[in-house]
1. Test residue 91 against the criterion of being under 22 Å from residue 306 (Cα atoms) and either under 14 Å from the mean Cα position of the chain (by Cα) or in contact (Cβ under 8 Å) with a residue 24 or more places away in the chain (or both), and give yes or no.
2. Tell me, which residue of the range 230-254 that is surrounded by fewer than 13 Cβ atoms within 10 Å (Cβ to Cβ) and either in a loop (DSSP other than H, G, I, E, B) or within 13 Å of the ligand (Cβ to nearest atom) (or both) is nearest to the chain's Cα centre (by Cα)?
3. Assigned to a helix (DSSP H, G or I) and assigned by TED's automatic domain parsing to the domain that holds residue 117: which single residue out of 49, 72, 56, 62 fits that description?
4. Just give me the residues in the range 75-107 being farther than 17 Å from residue 318 by Cα and either within 16 Å of the ligand (Cβ to nearest atom) or not in a loop (DSSP other than H, G, I, E, B) (or both), in sequence order.
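The values are calculated or read from the model by the stated rules, or taken from the named source; none is laboratory data. What you are looking at is a predicted structure, and each value in this text was computed from that prediction instead of being measured. Note: ideal-geometry Cβ built from the backbone for every residue, glycine included; neighbour counts use all protein chains shown.
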Ligand code: NCD
């Protein structure tokens with residue numbers, strides 16, 4: 001199979017009018033974007049990807065500080081944001097902690113609102129992940145500077161969904177008319193809550209495959225259907241894979257279950273193995289936001305269309321684009 005991975009959008013610098021679109025804005029939900037803004041983010045990501053590939057040393061964010069606040073575990077999101085800021089010539093201050101390991105004044109009972117009021121005086125842009133749904137909105141109320149939601153509990157993860165769209169564009173060249181299947185924990189999975197909303201701008205057909213108790217929230221499906229998007233729900237993974245151009249796999253979100261027994265009941269419901277690829281649509285692209293647990297077996301990694309590691313790499317140019325756009329610093 002030929003991997004496209006080609007230049008999908010113009011890597012030219014966006015125009016001054018375009019660059020004004022996101023300046024000073026928060027990135028809180030995938031529902032906030034217009035198609036014009038999405039195109040701008042994709043183009044700016046391609047612009048930065050090319051510059052980094054060409055070995056350019058960038059100074060777009062020189063003198064600026066990004067606060068990277070992670071109150072829930074993260075590997076890719078935090079490190080790709082921090083890499084993005086470094087590649088743009090800016091600096092990073094970090095809080096990375098979980099309920100078990102706490103080093104900030106959150107452990108003393110400080111509210112997120114108070115913390116952000118202060119951090120806003122230190123940094124020019126604030127990236128926040130929290131186990132609480134709505135935390136990024138609260139942070140945005142406290143901050144004058146732009147806030148970027150990097151995952152709020154089982155709510156949303158809009159920057160991940162943007163890099164997912166960028167990945168599909170790179171792997172397939174276009175999104176129009178593609179059938180995209182979202183698989184796994186669609187109830188608690190914040191990446192898919194954001195991704196389904198972004199897909200609705202691109203003329204895709206959507207199939208949802210989930211254990212019965214972990215279906216996509218009905219209000220999100222209704223919102224997307226209102227936009228005229230065709231959404232099918234099924235529990236037959238092999239039938240869905242047979243007609244899909246993209247299969248987006250997610251982890252069952254163990255940490256969001258009330259007890260382990262409930263998690264155990266569903267954890268093995270859908271496993272993507274190389275056997276499935278034999279009857280899947282030719283050229284199907286397999287994606288996953290990572291981390292994976294057992295939902296894609298490692299033998300799938302050798303398949304040319306297994307895009308999940310390339311997908312994680314795309315986090316850097318997409319987050320460079322977001323940081324520079326919200327600060328109006330694309331040079
Ligand atoms: C996701 C997340 O944190 O929501 N990971 C990520 O950001 N790449 C997905 C997950 O944890 O399952």
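1. On the way: under 22 Å from residue 306 (Cα atoms): no; either under 14 Å from the mean Cα position of the chain (by Cα) or in contact (Cβ under 8 Å) with a residue 24 or more places away in the chain (or both): yes.
No; evaluated as a whole, the condition is false for this residue.
2. As a first pass, look at the range 230-254 and keep what is surrounded by fewer than 13 Cβ atoms within 10 Å (Cβ to Cβ): 230, 234, 236, 238.
Filter again for either in a loop (DSSP other than H, G, I, E, B) or within 13 Å of the ligand (Cβ to nearest atom) (or both), leaving 230, 236.
On the way: 230: 22, 236: 26 Å.
Top of the filtered list is 230.
3. On the way: 72 fails: assigned to a helix (DSSP H, G or I); 56 fails: assigned to a helix (DSSP H, G or I); 62 fails: assigned to a helix (DSSP H, G or I).
Within the list 49, 72, 56, 62, the selection yields 49.
4. Of everything in the range 75-107, those that are farther than 17 Å from residue 318 by Cα and either within 16 Å of the ligand (Cβ to nearest atom) or not in a loop (DSSP other than H, G, I, E, B) (or both) turn out to be 91, 92, 93, 94, 95, 96, 97, 98, 99, 105, 106, 107.
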